[in-house]
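The values are calculated or read from the model by the stated rules, or taken from the named source; none is laboratory data. None of the values given here were measured: they were computed from a predicted structure. Glycine gets a Cβ as well: all are built from the backbone with ideal geometry, and neighbour counts include every protein chain shown.
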Amino acid sequence: MESRRIVILTGAGISKESGLDTFRDPDGLWARVRIEDVATPEAFARDPDRVHAFYNHRRAGLLSEDVQPNAAHAALARLEAEWPGEVLLVTQNIDDLHERAGSKNLIHMHGELLKARCLVCGAASPWREDMTGDSLCPACGVEGALRVNVVWFGEMPFEMDRIYEALAACDLFISIGTSGNVYPAAGFVAEARASGRAHTVELNLEPSEGSSLFAERHHGPAGVEVPAYVDKILKNGW
Ligand code: BJW
């Protein structure tokens, strides 16, 4: 059991108890703004100021002192530190709460709010300020070619080859705080199951879209369910 490999997928629900909004809950972001106004390449081409404003607001929120990693983020960092095999954390979240909690083997498949990407030189640079149409690229110095380094609808998520390899080889797949509405992440449970070896677990406030595909399900707040599940597998496996 010691060398068994774990892949964990997280979504916005894991950061809800840290004070960040989810997308599709009744009080979520998509109840207040339209996807097609802020989260597509076409929206950015049409009205970059609006898209910058949406992400500037969320970046300022993420950097406020009130927003800190919660018990679920901490439990996943502990799992990575204490599990004798590989733990790969794949997050759809663009916040940095997993890193702040201590997770290291981490893929941000939908990008990072605290990075800017230059449309001229391609560099992704750390970025903590508001971004405008006049901002300068820290790498090449060109003005007015920055966008937030996130993945919008219609764009390819990051590091997909590495993620699919890990899913095909894993023994345990855990999905946390995601509604299962957005592909390719919503298809990861089926990818993990395809090997015939992986145990699959959903930890979410409520059943997700693909809940019936998971062999084991625990429904409740991530701050309760994730530490409890991590304790369990560190003591007894699954
Ligand atoms: C709690 C909790 C608590 C609350 N504790 N839980 C038709 C069919 C199939 C696919 C498509 C289609 N048409 C288009 C597509 C593709 C499209 C897609 O999936 N569209 C669907 C809407 C149908 N996908 C794409 O375009 C993606 N790219 C792509 O497919 O490229 C081609 C490709 C093909 C094959 C392989 C590889 C690539 C790109 C998707 C980009 C998504 N971008 C966003 C914005 C990112 C930047 C930003 O943050 O602004 O990513 S959208 C948004 O949704 C964000 C999230 O990461 C993502 C997922 O949301 P998440 O995390 O699941 O949040 P919620 O709110 O939906 O759910 C929260 C859950 O938490 C809920 O269940 C709550 O109950 C729970 N919860 N509190 C535990 N305390």
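Test Pro126 against the criterion of being out of contact with any Gly (no Cβ under 6 Å at 6 or more places or on another chain) and within 14 Å of the ligand (Cβ to nearest atom), and give yes or no.
Here the answer is no, as Pro126 does not meet what is asked.
Among Ile174, Ile163, which is the only one that is at pLDDT 95 or above, more than 10 Å from the ligand (Cβ to nearest atom) and of a type in the set (A, V, I, L, M)?
Going through Ile174, Ile163 in turn, just one is at pLDDT 95 or above, more than 10 Å from the ligand (Cβ to nearest atom) and of a type in the set (A, V, I, L, M): Ile174.
Would you please name the residue that is farthest from the ligand (Cβ to nearest atom), looking only at residues in segment 16-43 that are under 15 Å from the mean Cα position of the chain (by Cα) and closer than 16 Å to Tyr55 by Cβ?
By that ranking, first place goes to Leu20.
Hey, Leu89 hits all of (1) closer than 20 Å to Leu203 by Cβ; (2) surrounded by fewer than 14 Cβ atoms within 10 Å (Cβ to Cβ) but one; which does it fall short on?
All conditions are met except number (2).
Looking only at residues that are more than 14 Å from the ligand (Cβ to nearest atom) and at pLDDT 95 or above in segment 177-196, which one is surrounded by the fewest Cβ atoms within 10 Å (Cβ to Cβ)?
The selected residue is Ala194.
Take the residues in segment 1-54 that are aromatic (Phe, Trp, Tyr) and outside any loop (DSSP other than H, G, I, E, B); name whichever of them is surrounded by the fewest Cβ atoms within 10 Å (Cβ to Cβ). Reasoning before the result, please.
From segment 1-54, those aromatic (Phe, Trp, Tyr) are 23, 30, 44, 54; that's our starting set.
Next, from what is left, pick out any that are outside any loop (DSSP other than H, G, I, E, B): 30, 44, 54.
On the way: Trp30: 15, Phe44: 18, Phe54: 17.
Checking each candidate, the answer is Trp30.
Checking the condition of a type outside the set (Lys, Arg) and over 29 Å from Ile233 (Cβ atoms), which residue from Leu62, Leu76, Leu97 passes?
Answer to the check: Leu62.
Looking at segment 197-214 only, could you name the residues that are exposed (fewer than 15 other Cβ atoms within 10 Å of the Cβ) and near the ligand (Cβ under 7 Å from one of its atoms)?
Glu206
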